[in-house]
Amino acid sequence: MMSSFPSVVQARHLHGHILEIHFSDGHISVVDFAPFIFACDHPDIHCYRQPGLFLAFELCDGNLNWHDYRMIFPLEDLYHNRLAGRH
């Protein structure tokens, strides 16, 4: 039986596009989303350059979700802080 990856239980804004993300196994990641958001050429992501829209995230099914799944990341990438190469 496969065990599921730890889920997000809390996310707290630190500053800019940086969130402190707490996982169900007690792990905490500090993730800077700015390198991804500002490097991404996809028009659906451009709006998250605005802090107000970036901060409108929700916890949904144990993951971070922006505007009905317009922007979402694999849990493993959040856990290991590996966003820079994805876009």
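The values are calculated or read from the model by the stated rules, or taken from the named source; none is laboratory data. These numbers come from a predicted model, not from an experiment. No Cβ is skipped: glycine too gets one built from the backbone with ideal geometry, and neighbour counts run over all protein chains shown.
Does GLY52 fit the bill of being among the small types (Gly, Ala, Ser), within 17 Å of PRO6 (Cα to Cα) and exposed (fewer than 13 other Cβ atoms within 10 Å of the Cβ)? Answer is no for this residue. Here's a check for you: in region 19-46, which residue that is among the aliphatic types (A, V, I, L, M) and exposed (fewer than 14 other Cβ atoms within 10 Å of the Cβ) is farthest from the chain's Cα centre (by Cα)? Here the residue is ALA39. Cβ separations smaller than 8 Å between residues 6+ apart or across chains give the following pairs from region 61-83 residues that are within 11 Å of VAL8 (Cβ to Cβ) and surrounded by 14 or more Cβ atoms within 10 Å (Cβ to Cβ) to residues that are at pLDDT below 95 and among the basic types (Lys, Arg): PHE73/ARG86. In summary, strands (runs of 3 or more DSSP E) completely within the chain and bearing 3 or more residues that are among the hydrophobic types (A, V, I, L, M, F, W, C) occur at 8-15, 18-23, 28-32, 57-60. On the stretch given as region 56-86, residues that are aliphatic (A, V, I, L, M) and more than 18 Å from ALA34 (Cα to Cα) total 1.
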